[in-house]
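Where a number appears in this text, it was derived from the coordinates with a stated rule and is not lab data. As the structure is a computational prediction, the values presented were derived from the model and not from experiment. Cβ placement follows ideal geometry from the backbone for every residue including glycine, while neighbour counts extend to all protein chains displayed.
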Amino acid sequence: MADTTGRDRDAVRELAASLGDRANALAAEGRVGEVAGVWEEAIAGLGSEGERALIVLAYGWYQGLHGEVEHGVRLALGLRDCGVGPVRGQVRALVRSRWRVEPLTVERVWGEVVGGELPVWVFVSDEDVDAVAEWVSAGSWEESRARYAAVVAAMAAPEVDAVLEELRLGSDRLAGVVAVHRAVLALGGDVGYACLRGADEAARQSATAIAARDWGALRACGVIEAAQGLPLLGRVHEVMAATARSERVPPSVLEKIGDLVVGAQDWERERAMEDLAALGEGVTGELLAAVAPSGTTSTGPWPAAE
C-alpha cells in the first residue's frame, strides 16, 4: 500500500496550505485561470503516490469549497481506491459535505465516475458520526454499553457500520477497537456486551452460532475472543465462518493457525476442537489437523487433510 509517514504528512500539509494561499492570492487578483496550474504543477513534482494523493485531496477540497464542486468531487472520487487509508476516509467526508450543498451535482458525478446509487456513508449526519466516535472512544466497556444504549442502538446498523469503517480508515491504530465494535453491532448490544464480559459467554455464543449456521455471528464472536486474549479460538471461529462453504482452507491460513496453537492454552485448543467437531462438515478436517496436538487422531466424520 502507498502510505506516508507522519513527518511526510506534516510536510505535505504545509505544502497544501501554501498552495491554497497562493491559489487564493491569484483568485483575489482576478487570475482564476491560473489556479489549476498551481496545483497541477505541484502534484506533478511529487515523488511518491502517497504524497500525490494527499495533495490531490487538498486540491479537491479547495475546488469543492470554492465553487467548483463537480471538479472537486471528481478529484476526490479518483482517490477512492487510494492506498492511503486516511485519504480514503477524507474522500468520504468531502463527497458527503458537497452532497449537502449540491446533491444533484454529486449524484451525477458519482454516476459518471463510479456508477450506481450513492452509498450509505454519503447520507450520514455529523451528529451520527460524532455519536459513533464517542461510542468507540469510551473509556470502559461499561461506558461503551451506556453510550450504545443511549444513542447507537437507535441508529440504523448500516449507517453505524459506515461510520466505523470511516474511523478505521482515519487511523490504523483504531483497527482493533473498530473490529470489536463491529462485532457488538453484528451480535446486538445484549449479546455483544455479554460476550465482552467473559470468555465463557463468548464461547457459548460461538457454539450457538455454529449450531444455527449463523456465520456472521460466529465471525463476530471470533473477533471478540481474539480481543480477549484467545487468538487461536478467535481465529478458528473466524476461519470457520469464512470457509463454511469452501472446499479448502488456504495454506497460509492453516500455517497461521499452526503458529497460534503453539502458544494456546490446552482448554482453548480443546474448545476449538469441540467446535470443529460440532461443525462436522466442509473444511473441518483440515482445520482439525492444524489445531489438534501432534499424534492426536479424531473419530469424527471429517475427511482426512491431504
- Item | In nm, spacing of pseudo-spin labels at D190 and A11 (7 Å Cα→C-beta vector) | 5.6 nm
- Span-like helices, the chain: DSSP H, alpha-carbon axial extent 30 Å or more, mean Kyte-Doolittle -0.5 or greater, which ones? 6-28
- How much length is gained if the chain between E134 and L118 is pulled fully straight, taking 0.36 nm per residue apart and subtracting their Cα-Cα distance, in nm to one decimal? 3.2 nm
- Message: Translational diffusion coefficient of the stretch 6-123 at 25 °C, 0.890 mPa s, Stokes-Einstein with Kirkwood Rh over Cα pairs, in µm²/s as a whole number.
- Response: 168 µm²/s
- Task: Sum -39500 (n - 2.57) across every DSSP H segment of at least 4 residues in the chain, then divide by the residue count to get the 222 nm mean residue ellipticity, nearest 500.
- Result: -22500 deg cm²/dmol
- Please build a GNM for the chain, connecting alpha carbons under 10 Å apart, and tell me which residue among E51, E41, E68 fluctuates the most. E41
- Item | Charge dipole (the stretch 6-123, unit charges on Cβ, about Cα centre) - positive-most of L15, L77, S48 | L77
- Message: With +1 on the Cβ of every Lys and Arg and -1 on the Cβ of every Asp and Glu, and nothing else charged, how large is the dipole of the chain about its Cα centre, in debye rounded to the nearest 20?
- Response: 60 debye
- Message: Assuming 0.36 nm per residue, please report the length gained on full extension of the stretch A277 to A36 beyond their Cα-Cα distance.
- Response: 80.4 nm
- Item | Two-site FRET efficiency, S18 against A175, from Cβ-Cβ distance with R₀ of 35 Å, rounded to 0.05 | 0.60
- Packing-based ranking, highest mean first, of 231-239, 151-159, 112-120 given that Cβ atoms within 10 Å are counted: 231-239, 151-159, 112-120
- What per residue convex hull volume, in Å³, comes out for the stretch 228-291 when only alpha-carbon positions are used? 73 Å³
- Task: Can you tell me what the convex hull of the Cα atoms of the chain projects to on average, as an area in nm²?
- Result: 19.4 nm²
- Note on the structure: Rounded to the nearest 0.05, FRET efficiency between K256 and A211 (Cβ-Cβ, R0 25 Å) equals 0.45
- Task: Determine the shape class of the stretch 126-187: with a ≥ b ≥ c the square roots of the Cα gyration tensor eigenvalues, call it rounded for a/c under 1.5, and otherwise prolate if a/b is greater than b/c, oblate otherwise.
- Result: rounded
